[in-house]
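**Student:** A single structure is presented below for examination.
The values are calculated or read from the model by the stated rules, or taken from the named source; none is laboratory data. As the structure is a computational prediction, the values presented were derived from the model and not from experiment. Cβ placement follows ideal geometry from the backbone for every residue including glycine, while neighbour counts extend to all protein chains displayed.
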Amino acid sequence: MGGDHGPSVVLPSLGRVVQRLAGKPVRFMLHGDQARLEAGLKHLGEVAGLCDIRHTTQVIAMDEKPAVALRRGKGSSMWNAIQAVKDGEAAAAVSAGNTGGLMAMSKLLLRMAAPGLDRPAIVASWPTVKGYTAVLDVGANVQSDAAQLVEFAIMGDAFHQAVHGSTRPSIGLLNVGSEEMKGHEEVREAQKLLREGGFDLHYHGFVEGDDIAKGTVDVVVTDGFTGNIALKTAEGTARFISMLMKDALTANLLAKAGALLAMGSLRAMRNRIDPSAINGGPLLGLNGIVVKSHGGADAKGFANAIKVAYDLAASDYAERIARNMAHLDKAIHTPAPAAPAEAV
């Protein structure tokens, strides 16, 4: 029921998901106003038979503060969807609603899988020249110590395998340089843990900001403060370049003629960076799968968010994280070897 469009986008997205899954089994549990949902399902044919409706008229508004949403959230469509994951009725929850409310309720109901994490990490799939790079955290955990950065690496590795199909994703730590001595203490300590902790990870080393778009690694790890700034900078730059291209291609008749000739290539480029194609950011680190869709997503975009949730649920995502978390716990709590005694 949340997002900018509610059922008018969510319901049509279900048919797209069924088509993309090409016969793979799936069912949808829809939480919201039964009358509105039933009216929308009448136009979906056989897809309606794959849907179970859980009625509630209580909805979390998009502008509610997280504390308010949490206080009055019980019984809302968002709360009930997350509760279904907790109870094992659903494999994953997907919402385009209030981000702060979704995060607060998810943390309360599902709890954190890693004791060091304060809040679920948000991952962004970043289009690059080589495919897609997962960048995390992009806003949830503003400050992160070395152990938390390693946790992000573990979760990013499992996410990239499940959603983007990589077999052994490479991982880089975002830093101000690639040299060993660069960066603050936490990022250098995280590098040491990743190299010496015995993880089942392909750790590349330090990467810089320009390595993200290059696709130097499959997973870029950073704290939420830096990650959010990088994300917003990239989004702003993309909009700026798009505006410049539009102005250049419509400046005069000759430019318009050239744009017409290049229409196929321009359309391919637009599809490559289309936000709908990469919509769906999982809240990583929870004891359950919750995926946040952009509030303004269209049916194509929301379908992609559902597909992200499906891919995570169908993979060994949770088991892979658990295995590497055990290595992290051992690396942190194993005492360092004592220094040899000096000869007298």
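**Student:** If Ile229 satisfies every condition in (1) within 17 Å of the chain's Cα centre (by Cα); (2) at pLDDT 90 or above; (3) among the β-branched types (Val, Ile, Thr) but one, which is the exception?
**Tutor:** Single failed check for Ile229: (2).
**Student:** Okay, next question. Within the bounds of the range 56-74, is there any residue that is surrounded by fewer than 17 Cβ atoms within 10 Å (Cβ to Cβ) and under 18 Å from Gly288 (Cβ atoms)?
**Tutor:** Yes; the residues of the range 56-74 include at least one that is surrounded by fewer than 17 Cβ atoms within 10 Å (Cβ to Cβ) and under 18 Å from Gly288 (Cβ atoms).
**Student:** If you don't mind, another one. Within the range 92-102, does at least one residue satisfy the condition of being in contact with a Gly (Cβ under 6 Å, 6 or more places away or on another chain), more than 22 Å from Ala318 (Cβ to Cβ) and in a loop (DSSP other than H, G, I, E, B)?
**Tutor:** Yes: one or more hits.
**Student:** Being touching a residue at least 40 places away in the same chain (Cβ under 8 Å), outside any loop (DSSP other than H, G, I, E, B), among the aliphatic types (A, V, I, L, M) and out of contact with any strand residue (DSSP E or B) (no Cβ under 9 Å at 6 or more places or on another chain): is that true of Val85 here?
**Tutor:** So Val85 does not fit the description; no.
**Student:** Which ones in the range 157-182 are out of contact with any Gly (no Cβ under 9 Å at 6 or more places or on another chain) and surrounded by fewer than 18 Cβ atoms within 10 Å (Cβ to Cβ)?
**Tutor:** Within the range 157-182, Gly165, Thr167, Arg168, Glu179, Met181, Lys182 meet the criteria.
**Student:** Does Leu102 qualify as being touching a strand residue (DSSP E or B) at 6+ places or on another chain (Cβ under 6 Å) and under 30 Å from Leu149 (Cα atoms)?
**Tutor:** yes
**Student:** Turning to a different aspect of this structure: Tell me which of these Phe159 doesn't satisfy, since it passes every other one: (1) in contact with a Lys or Arg (Cβ under 9 Å, 6 or more places away or on another chain); (2) closer than 26 Å to Ala299 by Cα.
**Tutor:** Unmet for Phe159, out of (1) in contact with a Lys or Arg (Cβ under 9 Å, 6 or more places away or on another chain); (2) closer than 26 Å to Ala299 by Cα: (1).
**Student:** Let me ask something else about it. Could you tell me whether any residue of the range 71-84 is polar (S, T, N, Q), modelled with pLDDT of 90 or more and either in contact with a Gly (Cβ under 6 Å, 6 or more places away or on another chain) or farther than 28 Å from Ala162 by Cβ (or both)?
**Tutor:** There is at least one residue in the range 71-84 that is polar (S, T, N, Q), modelled with pLDDT of 90 or more and either in contact with a Gly (Cβ under 6 Å, 6 or more places away or on another chain) or farther than 28 Å from Ala162 by Cβ (or both).
**Student:** Let me spell it out: the conditions are (1) touching a strand residue (DSSP E or B) at 6+ places or on another chain (Cβ under 6 Å); (2) under 19 Å from Ala331 (Cα atoms); (3) at pLDDT below 90, and Ala124 meets all of them except one. Which number is the exception?
**Tutor:** Evaluating Ala124 over (1) touching a strand residue (DSSP E or B) at 6+ places or on another chain (Cβ under 6 Å); (2) under 19 Å from Ala331 (Cα atoms); (3) at pLDDT below 90 leaves (2) as the failure.
**Student:** Right, something else. Taking the range 3-51, which residues are part of a strand (DSSP E or B) and closer than 24 Å to Ser315 by Cα?
**Tutor:** Listed by number, the residues that qualify are Phe28, Met29, Leu30, Cys51.
**Student:** Tell me which helices (runs of 4 or more DSSP H) are completely within the range 131-249 and hold 2 or more residues being under 30 Å from Ala262 (Cα atoms) and free of Cβ contacts under 8 Å to residues at least 60 places away in the same chain, or say none if there are none.
**Tutor:** Of the helices (runs of 4 or more DSSP H) lying wholly inside the range 131-249, those with at least 2 residues that are under 30 Å from Ala262 (Cα atoms) and free of Cβ contacts under 8 Å to residues at least 60 places away in the same chain span 210-214, 224-249.
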